[in-house]
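Data block below; observations after.
We did not get these values from a lab; they are worked out from the coordinates using the rules stated. All figures in this text were calculated on a predicted structure; none of them were measured in a lab. Here the Cβ is made from the backbone with ideal geometry for all residues, glycine too, and neighbour counts use every protein chain on show.
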Amino acid sequence: MVEIAEIAVSAAELKLGTEPVQGDGVRLSHADPKARYSLRARDAKVLAAVIGRALPGKIGDTDGGIACLGPDEWYALLPAGTDLPRVEGLPASVVDVSSRALGLVLEGPGALAVLSSGCPLDLAKMGVGRATRTVFETVEIVVWREAEDRWHVEVWRSFATWLWNAFLAVMPHAK
Amino acid sequence: MLLIHCPYCEEARPEVEFAYGGEAHIARPVDPSTYSDEQWEEFLYIRSNPRGRHHERWRHSHGCGRFFNAVRDTVTDVFETTYKAGEARK
């Protein structure tokens, strides 16, 4: 009979850290609590008028905490407690998705290498202040480059434990 | 990794962000209730399956989320061009 080695770590043993982890040249932590909104509209002007904020016009651009993810889709990442007006009677939608995702922050000169270990995008070419939806391995994330060495990663809650541990596993090797 | 140019993002993005959506430019029945079994079979199952230039739909599912059309060579796997949904066949 073939002996099958036990899996080193089972899913039940994975824990989502609560405290920041400082590695060599990279720090992993949770982002401050955020209010998150999914904003949809075919006509950006209608949506901008409803929420009373400017919307970035080009996919990948961000403006005042709002990222343009698609031609008719924006993602607002605002300080916790921020309340956006809801839409009534107009072809637009403002949906509170605050509890859907968690924000993880990678900081330091090694942060790019940690993210690039699982993300197929050429993140080195991504400008500061740009944001995009993409994948880390097979998990969908939204990457937001807040500064040269600071990356905010939005991930759906149920994937957060796995992503946290995936980052931890790579951090010792990121230089 | 294969890079696909998304006509909405206006960027070449990695293939794993995309999902294949089958042959493009297949018109839905205007009046479905009048379709015969043969016409339904044609619409649902019969595809051109060419060797060479193939018009197909792709979705940038882990990006902007949009469907678009692409022309890909089924022999070499080279993407000739991509264009927005609703534009004329290229």
| said: Let me check I've understood the local charge: for A:VAL170, count other residues with C-beta under 14 angstrom from its C-beta, Lys and Arg +1, Asp and Glu -1. What total comes out? | reply: 0
| message | Quick check for me: using +1 on Lys/Arg Cβ and -1 on Asp/Glu Cβ, what's the dipole size of the range A:34-96 about its Cα centre, in debye to the nearest 20? | response | 40
| query | Listing A:ARG133, A:ARG36 from the residue with the fewest other Cβ atoms within 10 Å to the one with the most, what is the order? | reply | A:ARG36, A:ARG133
| Two-site label geometry, A:SER10 and A:ARG100: point separation in nm, points 7 Å out along Cα→Cβ | 3.3
| note | Lone Cys, chain B, Cβ cut-off 4.7 Å -> B:CYS64
| remark: Most exposed first, judged by fewest Cβ atoms within 10 angstrom, B:MET1, A:MET126, A:MET171 run B:MET1, A:MET126, A:MET171
| remark: Computed on Cα atoms, the radius of gyration and Dmax of the protein assembly as shown in angstrom are 21.7, 69
| query | Between A:LEU90 and A:ALA54, what FRET efficiency follows from the Cβ-Cβ distance if R0 is 25 Å, with the result rounded to 0.05? | reply | 0.90
| request: Would you mind computing the Rg to Rh ratio of the range A:34-96 from its alpha-carbon coordinates, Kirkwood style for Rh? | output: 0.92
| note | Volume per residue (Å³) of the convex hull spanned by the alpha carbons of chain B is 105
| query | Which whole-number percent is the relative contact order of the range A:34-96 (Cα, under 8 Å, 6+ apart)? | reply | 45
| field | Reachable aspartates and glutamates from A:LYS175, criterion Cα separation under 18 angstrom, eight or more residues apart if same chain | value | A:ASP24, A:GLU107, A:ASP122, A:GLU148, A:ASP149
| Unit charges at the beta carbon, dipole of the protein assembly as shown: most positive-side option, B:GLY21, A:TYR37, A:THR62 | A:THR62
| note | About its Cα centre, chain A carries a charge dipole, from +1 on Lys and Arg Cβ atoms and -1 on Asp and Glu Cβ atoms, whose size in debye to the nearest 20 is 500
| field | Of A:LYS45/B:LYS84; A:LYS45/B:LYS90; A:LYS58/B:LYS84; A:LYS125/B:LYS90, pairs whose Cα-Cα distance is over 26 Å | value | A:LYS45/B:LYS90; A:LYS125/B:LYS90
| said: As a footprinting exposure proxy, order B:TYR45, A:TYR75 by other Cβ within 10 Å, with the fewest listed first. | reply: B:TYR45, A:TYR75
| Can you give me the relative contact order of chain A as a percent, contacts being Cα pairs under 8 Å and 6 or more apart? | 25
